[in-house]
Every structure is written in structure tokens, then in C-alpha cells.
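Participant: This structure is in C-alpha cells; I'll ask about it shortly.
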Amino acid sequence: AQSVTQLGSHVSVSEGALVLLRCNYSSSVPPYLFWYVQYPNQGLQLLLKYTTGATLVKGINGFEAEFKKSETSFHLTKPSAHMSDAAEYFCAVTLSGAGSYQLTFGKGTKLSVIP
Amino acid sequence: ETGVTQTPRHLVMGMTNKKSLKCEQHLGHNAMYWYKQSAKKPLELMFVYSLEERVENNSVPSRFSPECPNSSHLFLHLHTLQPEDSALYLCASSERGEQYFGPGTRLTVT
């Protein structure tokens with residue numbers, strides 16, 4: 001079984017400051033990892049994903065995340081926050097084996113951007 | 001239309017009503033999902049339909065009944081709901097790995 005922990009249910013940053021949203025996972029086999037963003041009254045939109053290969057993955061809107069196996073982490077970063085980044089962010093994990101259709105989501109981190 | 005669509009976007013229903021939520025995916029995926037998203041609670045997987053498996057979350061009450069007539073359409077039939085069932089209901093589809101979500105149906109049970 002796999003699980004995801006997002007540290008901090010609410011993070012506030014100033015516009016132009018670094019964004020760092022933390023995600024730790026547990027998985028018995030190599031995981032596939034994802035970050036999703038959700039704006040109010042909308043569905044979840046895929047930001048980026050890690051499956052295999054390069055451990056630093058780049059996504060949309062200037063976000064990136066680094067898979068660190070030794071730390072079982074997949075933290076999301078963006079060098080400079082923009083007002084439009086204010087949303088809720090979800091980290092998710094699934095198993096890389098065949099027949100794996102289920103994602104396990106973290107509880108989400110709500111990002112506020114202060115002008 | 002592209003992606004995953006859901007209708008209706010908003011639904012208000014009484015506890016004695018019967019209604020259905022519809023989801024359609026235009027991505028050629030072979031798996032579809034229903035999730036429930038309540039305020040201050042984690043995203044809850046309700047049902048999964050795929051070529052290889054159908055998975056039901058055993059904690060989902062029987063007043064929620066899914067139907068998947070083909071790989072592109074998914075329904076969630078609702079009857080005799082309770083006020084605590086008010087939430088955002090999200091549909092998603094996938095081939096394998098990442099899931100693509102619809103905009104959701106905001107359900108209010110009065």
C-alpha cells in the first residue's frame with residue numbers, strides 16, 4: 001500500500017518569493033508521483049509527473065519537482081510566486097506495476113500569495 | 001469537446017429525489033473514476049472502472065450507484081441522499097498513471 005503526506009495544509013508566500021510545497025510518500029515498489037493544482041470550483045489539473053528517468057521534472061506554469069528516493073520526497077517548487085498561483089495543490093502517488101489504476105492523494109496544501 | 005466533461009455542473013436535490021451525474025471522456029482512456037471532495041477532507045475515491053478491474057470503496061453508501069455502459073461514459077446514480085453527501089463530485093479518466101479530471105458537479109442536498 002502507498003501513502004502521501006503533505007506537510008502544511010496552508011502555506012502563504014509573498015508575490016515574487018520562492019514557493020515550496022512539501023510531499024513525502026511511502027511505497028513498497030518504485031512509485032509514480034504527481035502534483036495536481038485545483039482552482040476554486042474546478043477539477044484537478046495535472047501540473048507535473050515523475051515516472052522514470054530524470055529526477056528533476058518540470059511542469060506547467062514554471063513549477064518543478066525533484067524525486068528524492070533516499071528522502072522519499074517529491075517537493076514542488078517555483079522560484080517566483082505569482083498571484084495566479086493561489087490555489088490548492090495535491091500530491092499523489094501510484095504504483096509503477098502493471099494494473100495500477102489507483103492514485104493515492106495527499107490532503108492538499110492551500111497556497112496563498114500575498115501582494 | 002475535449003478532455004473530461006461532467007453534467008450538470010451544479011445540482012440541488014432533496015433527500016427523497018433521484019438524480020444522476022454524467023461523465024464523458026474524449027481521451028480514449030480505458031479507466032474512469034468517481035471521487036468525492038468534501039470541505040476539509042481528503043479526496044475520497046468512490047469507484048473505479050477499468051478493463052481489468054472494478055473497484056468499489058466499501059465505505060461508500062449504497063445510495064450511490066455507479067454505471068459504466070462503455071469506456072467513454074460513467075454515471076453516478078443518486079437516491080435518498082443525506083445532507084452530509086453535499087460535496088464536489090469529480091470524475092476522472094486515465095490510460096495508466098496520471099488521471100485527467102473533469103470540472104466536477106457541485107451537489108447540495110437539502
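Participant: Among A:Lys107/B:Lys36; A:Lys78/B:Lys36; A:Lys107/B:Lys41; A:Lys58/A:Lys110, which pairs are too far apart, with a Cα-Cα distance over 19 Å?
Facilitator: Distance filter (> 19 Å) returns A:Lys78/B:Lys36; A:Lys58/A:Lys110.
Participant: Ignoring any ligand, DNA or RNA, what whole percent of the accessible area of the protein assembly as shown comes from carbon and sulfur when the probe is 1.4 angstrom?
Facilitator: The computed percentage sits at 51.
Participant: Determine the distance separating the Cα centre of the range A:1-47 from the Cα centre of the range B:71-108; give it in Å without decimals.
Facilitator: 21
Participant: Heavy-atom accessible area of B:Ser20 with all protein chains present, probe 1.4 Å, nearest 10 Å²?
Facilitator: The value for B:Ser20 is about 60 Å².
Participant: Additional query: Once the Cβ-Cβ distance between A:Thr51 and B:Thr16 is put in as r, and R0 is 35 Å, what FRET efficiency do you end up with, to the nearest 0.05?
Facilitator: Efficiency at R0 = 35 Å is approximately 0.15.
Participant: Quick one: Karplus J couplings for the range A:104-115, per residue in order, coefficients 6.51, -1.76, 1.60, θ = phi - 60°, nearest Hz, x for Gly and Pro?
Facilitator: The phi angles translate into 10, 9, x, 7, x, 10, 8, 9, 10, 10, 9, x Hz.
The values are calculated or read from the model by the stated rules, or taken from the named source; none is laboratory data. From a predicted model like this one, the values you see are computed outputs, not experimental measurements. FYI the Cβ positions are ideal-geometry reconstructions off the backbone, even for glycines, and counts take in every protein chain you see. Ligands, DNA and RNA are stripped out before the accessible areas are found, and what is left, the full protein with its side chains, is counted by its heavy atoms. Shrake-Rupley method; radii C 1.70, N 1.55, O 1.52, S 1.80 Å.
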